[in-house]
Structure formats: C-alpha cells, structure tokens
Amino acid sequence: MHLLMILMIVGVGSGLRFLQPPAPTRWVQRWQQALTRLMIPPLLLLTTATAILWMGPEGQMFGQTTGWIGYGLAWGFWGWAGITGMVLAVKGWQTTRQVRRYAPVNWQGLTARLLESPVPFCAQIGFWQPELVVSQGLLEQLDPAQQQAVCVHEQAHVHYRDTFWFFWLGWCRRLSFGLPDTELLWQELLLLRELRADQRAAQQVDPLVLAETLLLMVRSPLDTPEHYWAGFSCLAPSHRLTERIDAILAHSLDQSTVWVDDSARLKNIWIWTGYLLVLLPLMAIPFHS
C-alpha cells in the first residue's frame, strides 16, 4: 500500500506539471503560477515519505498490507533530499567563505568585496545576509550613473531576500529533476526574479541607463551558480534578456501596481489552499493499523 501511495503521488505531481493553466497576464500571476507548479510536487513527495516513515513498514491500511519496499523508498527519498540539501548548503557556505577573503571596498556608500577580474560583474552572494561583490572591470568600465544602476538592482535582491529563497527553490528543483517542466519553471522564476529587481531599480534610476548597463554587462558574463547568487548579468537565453530590456524600456507602471493588486491577493488564498493540499498524505496516518 505504501508503494501504491508513492506511485499515486508521483502521478499527481507529474499531472500538475502537465496541467496547462490559463496564460497569466501579469508578472505576479506568472510568479505565483511558476512557484506553485515547481514546489508542490517535491513537497508532496516529502510529506508522503514522512507519512510512510511515521506509519512504519508493518500493518494494514484501507484493507491492504504495507511492506518494506515503500518504507525503504521513503527512507531513500528523505536521505537523498537531506544529502542534496547539505551539499547545496556546504557549497554555498564555501563560496561565501571564499568571497569574504576578497578585499573590502567602499562602493556606492556600501561595503563590497572586490573581485580581481577585468569582466564587469556584480552580485549578491550568500543566504539571508549576502555579500555584495563587484569586479575591478565594473569599477573601470562603467561610469558613475551605470554603477548606480547596478547597485540599486542588487539592493533590490537584498530587499526581496532572493539569495535565501532561491537556495530553497533550487533544492526543490533538484528534488523534482525527473518531473516534466522542472527546468522550464526554474528559468521562468529566474527571469521573474530579475524583472522584479529591474522594476524596483527603474524607480530610482533612469530606465534607459539601466537597460544600457544591462546590455554592456551581458556581453561577457561570468558563469556563476544560480542557487545563492543574484547577479545583475546572470547567464540567460536571448529571449529572457530581450524581455528584461523591453520591460525596462516600457517602464510606465510603478512596482507596486505590477506585482501587487486586488486580484493577486485573492489568488493568494487559492494558492495557499493548494499548498495545504501538500499535507493530505499526512491525513492517511490514522487509517494505518
């Protein structure tokens, strides 16, 4: 019976990925939709494995006997999830530790770490309180207005705690690597993360300068991991760059109207209801004897 539960949840998770909801028209709706479709399948698997481990390998449920196969798979999945999370955390900690060895510099009124590289680069690196890293190439090749545009973009990432949340989203991505559309949803969330930071930055600097700076910096970007880095010029397919540039140049609405509206608040109720469905496997525990 436990094995059947696991197969059912895998089927449900795959079905959620294959489900094609109506195309959203606003960024906040795209964000909520992509976030839900990425996270619910791996969370369902985690709660299912938790329920099976709680019930144990022996007994009956709904008149069917349970066994060691499903119990072993539950232990295996939780073990793999734990190891995956630890590996990501250790890599992030090692990267942050390395960054803190870079020489500190005062840049745009902030304390940053100087990367000795001729390539223009700037990123927030870390978890809840990331380190701001700038390259020598950025200081030499960008004028003050362009540097300010980069700075306010990176401060937007700090405001939204993007490095922290995308560490956990990256973990969910790893846990659902075999499910449909995992990479597509990950790339969508990365794009929306940058659109949100661009939108906030465009309220503080000239949008034309912001777009010009983005084009300058993506010509030779550094190859960086995306789980705990939030960089102004992260590697992206050409259509993602085009959408960022178009959004910056079409900056006619402020950030609050783009990302928050009454319909979005209403949809949040249904989205959180969807996340409550993740707890359904735990409701099977009382039926085990």
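Computed from the coordinates by the stated procedures, all read-outs in this text should not be read as laboratory data. Treat the numbers as computed from the prediction; the structure is a model and nothing was measured. Counting neighbours? That spans all protein chains shown, and the Cβs are built from the backbone with ideal geometry, glycine included.
Put simply, when 175-182, 197-204 are sorted by average Cβ atoms within 10 angstrom per residue, most first, you get 197-204, 175-182. Which whole-angstrom value gives the distance between the alpha carbon centres of region 150-172 and region 80-133? What the calculation gives is 12 Å, centre to centre. Distant-in-sequence amide contacts of Glu131, defined by a placed amide H-H separation under 5 Å and a gap of 5 or more residues or a different chain, comprise Ile125, Gly126.
Look at Val12, Val87 and count the other Cβ atoms within 10 Å of each Cβ; fewest to most, that gives Val87, Val12.
Of the chymotrypsin sites (Phe, Trp or Tyr not before Pro) found in region 65-168, those in coil by DSSP whose Cβ has at most 12 other Cβ atoms within 10 Å are Trp128.
Histogrammed with a bin width of 10 Å, the alpha carbon distances of region 123-192 distribute as 18, 38, 29, 13, 2 percent, first bin at zero.
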